[in-house]
Amino acid sequence: MGIYLFDDRWNSYNFGLFGLMALQHRGQETAGLELFGSPRQRMAGEGLVDDVFRSISGKGSICIGAVSPYPPGEGEVQPIRLSEKVAAAIDGRITSVEGYSWDETSGYESNLRRAFARVGGPGLEDLKRFFGSCRGGYSYIAANDSREMIAGRGSIGVKPLVLGKMGFDGGIVASESCVMDIIGERVPISPAENIEPGETRVFTPMSAYSEQLQPSAGTAYCSFEYIYLARPDSYVNDIPVYRVRSNIGRKLAEESPADADVVIGVPETAIPFAMAFSNETGIPVEKGFELTGRRIRSAMKPNQLERLKGVQLKLNVISEAVRGKRVVLIDDSVVRGNTLANIVYLMKEKGAKEIHVRIGSPHIVSHCTFGVEVPPEDELIGKHLTEEKIAEVIGADTFRYLSLGALEEAVGMKGADLCTGCFSCKYPEV
Amino acid sequence: MAKILLVGGGGREHAIAEALCRSAKEPKLYCLSDLVNPGIKKLVRKTGGEYYQGDTNSGETVLGYARRAGVDFVFIGPEEPNFHGVPDRLEEGGIGVIGAKRKVAELEMSKASMRDLQWKYKIPGRLWYKKFKTFEEAVPYIEEYAESVALKPARQAGGKGVKVIEDFQVYLQEEKRKVKKEHAESIVREFMKGYDDIDYKLLIEERVWGPEYTVQCLTDGRTVVPMPAVQDNKHAFDGDLGLETGGMGSISCGRNLRWGIGDDEERAILTPAEYDRSAEIVKMMIDAIQKETGERYHGIVAGQMMLTSVWGPTVIEMYSRLGDPEAGNVMPILKTDLVDICEAIIGERLNTIKVEFEERATVVKAVCPEGYPNRRDLAKGHPVSVSVAAAAAGAAGPDGEAGSIFWASADEIGGSVLSGGSRVIECLGIADSIPEASARAERLTQGVTLTDGWKLFHRKDIGSEKSLSRRIRLANMARDIYQYRERKGLLGKRMIWVPGKGLEEVG
């Protein structure tokens, strides 16, 4: 997320803070903000946005910030410093830089810094040259201490990025349009403008313009954004995420119907799937779980204990909703399958008669090249077991994935325009 | 042979000058302005007139030059001479003038009196407002009540100083109130500095949303003739981003901002009924100001309007002259002889003339040196070059038709032309649809350069299909809501339940 306000009477700090909160679902391990005031200030740490920024304050009319799903041990806390004068927030993964040979023995960020040092100084043209030579599946926002900011997407547009406005005062760029609803100007027609693959948006004290830094050689939009990563109130690539999730629910009902009494979605992500499944089949949808404590995305937690803790606290089964009933239980995706097994167990314990699990995505078979947190392939249940076997393992009566074709139809894009590498092992060339 | 003195030297005046020179009466054109506009100068030379440099706000100066040239009438381009009573002085001196006299120009000069008048006469499309004489007076109001508002200098200050702040999210309120206060203070202390012709300094109005448009009208005080509606683009940068400017370019097609001439009447930003209603509102404003002052309005009046969810057509501001760049949309497609029109206005017989415009789409794009609008010092003084051949060739569409350019903030000194710090050139494209006209204007911008290498910028998106469809969608949203309110009998009404106090109704 980046905020650029032309008039330096504005302090972007609170905008940055609430903007990051709007993106909290994209990463809950670290949060950071760099404010380009005088002096420049960096505030970053481990935990949720609320925790990191509690009782601190800052000042500056320009800021960039990020939340990350990686714990501090797995990389530097974003925004990262590309050089002394330049900070950047990067979503996804830069996999190579033209003309730079990647040093596998040192970390991701050190490689980026070394590659950046090769282009020269911290100026606007240097920033353009650097990001113009990056390859991979990423979006970026970078700013220097001369009040220049650029924000764009890699040539195949894996990671989303949108532009919003704040009246005559400036612009906001963020991974998702929900940020504009929360901190931007309320524009009745659409909350934000999509930034295209290979496009960059430049902000300087005297200008703001769009530039195509890299020719766009076809797109490969991350399909996982629609399934899980993005908020349902966001637009990704101009497509409302909620619409895709409803479509997925309908497709599941078509492809894998079940004779059942009730439909229940696993909160929060799978709720729209369940509602659409219910609308399509006429089987009533019920609230199946109640949450204890803070709302967190358990699937993003870096270790098994934390994930299970998350699931158990988040998902206390409401017995009245399931007792004696045949349940269609809908979740967005299955990675290792053990949290799902836990949910099925809890639900049976509360008296569910049958459980038919439906998953709003195809089987995950591959580690993401572009930084979506997917564990090593030997941990992926869908890579190794059939649907029938998985049903037995997790204790469900039936278990079905969404087909890849149905996913593409739900998004409304042809397979070639979407990156579905985690389901097919086929990643786009960059 | 008619002789005319044109006052003012911007892009608007260049467009007026071209329309005057198209007259069958083959007038001799004289011009008075502070900088020498190369485009107007060429027309002056061609028609055998003279170019004067001097103070356009001084009635004596203007009258002096008008007499020296022996002109039949004077056409005043910008607003400031009106505010300074130049038309009054000319009329006293027995010279006919197209320009609002001091008292009726109050419609534009004092944004506070304009609202007073609108509420007094219950003219539709009126917004809530509060006026303040000092900053201190405004502070408690801003701290306690002001939410989403437009902060404006109470006097027209060259279109500068307006800030619209949407203050809806309470978690960002502290920041926004701070900026509102600081801006209110700078309006009083900076933007209004040097204007001692008005009591009120600051105006705070409710913030509304919807597509904006300008309905410019010719009037002799009795008849009001509306011109095709024009939509200006105030943000400095592409995609409606960034700083407020005097206008980065404008679009027009038919009277109600249609997509294209051949297109469905409904594929437009305004409905014909909304256009008519807007023109009616402008007429009501003219009637009101004439009644209030006892003075006749001769010249041009424009409603800077917005189609809002509260009212439908709503007055944002009034102009006592043609808009800039909006003049560049309407003047080139005026079919009727402008000299005839001016004479009819002066003789108060505008009703005897049928004023007609060609049914075409027009798009104007302003080209500006970097630095505009906030650092005009940096934007000023760069040598400008327009490659006529390239521009003409670039603008020629498949049917071989070209657009044209208007010189704006530029000064011809010796053989060369220097940028004046504001929009330097306005490029006009004419075609059958707005997107085509936009593409033509876009090609024309390519012919403009600064020979010292300083950067120019303009907006590529004005009139593009994407931008136009967004505007149409925005209009549809505002329309759905205001028409619903209209059916319910709630147009313009606002009700608030104040806990403990009861129902408050305004409208």
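The values are calculated or read from the model by the stated rules, or taken from the named source; none is laboratory data. Since the structure is predicted, the reported quantities are computational estimates derived from the model, not experimental observations. Methodologically, a virtual Cβ is constructed for each residue, glycine included, from the backbone with ideal geometry; neighbour enumeration extends over all protein chains shown.
Data table
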| read-out | value |
| --- | --- |
| Some residue of segment B:200-221 being away from chain A (no Cβ under 14 Å), of a type in the set (A, V, I, L, M) and without any contact (Cβ under 8 Å) to a residue 60 or more places away in the chain | no |
| Residue ranges of strands (runs of 3 or more DSSP E) in segment A:87-173 with at least 1 members touching a Ser or Thr at 6+ places or on another chain (Cβ under 9 Å), under 30 Å from B:Lys234 (Cβ atoms) and within 14 Å of chain B (Cβ to nearest Cβ) | A:148-153, A:162-166 |
| Scan of segment A:309-338 for residues that are surrounded by fewer than 24 Cβ atoms within 10 Å (Cβ to Cβ) and in a helix (DSSP H, G or I), ordered by number | A:Lys309, A:Gly310, A:Val311, A:Gln312, A:Leu313, A:Lys314, A:Ser319, A:Glu320, A:Ala321, A:Asn338 |
| When residues of segment A:183-219 are limited to those that are out of contact with any strand residue (DSSP E or B) (no Cβ under 7 Å at 6 or more places or on another chain), more than 7 Å from every other protein chain (Cβ to nearest Cβ) and of a type in the set (Val, Ile, Thr), the one farthest from A:Tyr138 (Cα to Cα) | A:Val187 |
| Leading residue by the ranking (surrounded by the fewest Cβ atoms within 10 Å (Cβ to Cβ)) among those in segment B:222-274 that are of a type in the set (S, T, N, Q), closer than 24 Å to A:Lys165 by Cβ and more than 14 Å from chain A (Cβ to nearest Cβ) | B:Gln231 |
| Lone unmet requirement of (1) surrounded by fewer than 22 Cβ atoms within 10 Å (Cβ to Cβ); (2) farther than 28 Å from B:Leu203 by Cβ for B:Tyr30 | (1) |
| Of residues in segment B:148-186 being free of Cβ contacts under 8 Å to residues at least 60 places away in the same chain and polar (S, T, N, Q), the one nearest to the other protein chains (Cβ to nearest Cβ) | B:Gln169 |
| Residue match in segment B:37-56 (condition: in contact with a Ser or Thr (Cβ under 7 Å, 6 or more places away or on another chain), assigned by TED's automatic domain parsing to the domain that holds B:Gly85 and acidic (Asp, Glu)) | yes |
| Single residue of segment A:387-420 satisfying the filter (small (Gly, Ala, Ser) and in a helix (DSSP H, G or I)) that is farthest from A:Leu229 (Cα to Cα) | A:Ala391 |
| Complete set of residues in segment A:151-172 that are of a type in the set (A, V, I, L, M) and within 17 Å of A:Trp10 (Cα to Cα) | A:Met166, A:Ile172 |
| Where a residue in segment B:472-493 is within 14 Å of another protein chain (Cβ to nearest Cβ) and assigned to a helix (DSSP H, G or I) and its partner, wherever it lies, is surrounded by 14 or more Cβ atoms within 10 Å (Cβ to Cβ) and among the aromatic types (Phe, Trp, Tyr), with Cβ under 8 Å and at least six apart | B:Ile472/B:Trp259; B:Leu474/B:Trp209; B:Ala478/B:Trp209; B:Tyr482/B:Trp311 |
| Which numbered condition B:Arg189 fails, given (1) within 11 Å of chain A (Cβ to nearest Cβ); (2) basic (Lys, Arg); (3) touching a helix residue (DSSP H, G or I) at 6+ places or on another chain (Cβ under 9 Å) | (1) |
| Segment A:364-376 residues that are assigned by TED's automatic domain parsing to the domain that holds A:Ala230 and within 12 Å of A:Ser333 (Cβ to Cβ), paired with ones that are among the hydroxyl-bearing types (Ser, Thr, Tyr) and assigned to a loop (DSSP other than H, G, I, E, B) (beta carbon under 7 Å, 6 or more apart) | A:Ile364/A:Ser333 |
| Residue count, segment A:410-426 (criterion: surrounded by fewer than 17 Cβ atoms within 10 Å (Cβ to Cβ) and in contact with a Lys or Arg (Cβ under 7 Å, 6 or more places away or on another chain)) | 0 |
| A:Tyr242 being within 12 Å of another protein chain (Cβ to nearest Cβ) and surrounded by fewer than 21 Cβ atoms within 10 Å (Cβ to Cβ) | no |
| Counted residues, segment A:252-284 - those being under 23 Å from the mean Cα position of the chain (by Cα) and either surrounded by fewer than 24 Cβ atoms within 10 Å (Cβ to Cβ) or without any contact (Cβ under 8 Å) to a residue 12 or more places away in the chain (or both) | 6 |
| Flag if B:Lys193 is of a type in the set (Lys, Arg), farther than 30 Å from B:Glu280 by Cβ and outside any helix (DSSP H, G or I) | yes |
| Residues satisfying the stated conditions in segment A:14-24, i.e. surrounded by fewer than 23 Cβ atoms within 10 Å (Cβ to Cβ) and not polar (S, T, N, Q) | A:Phe18, A:Met21 |
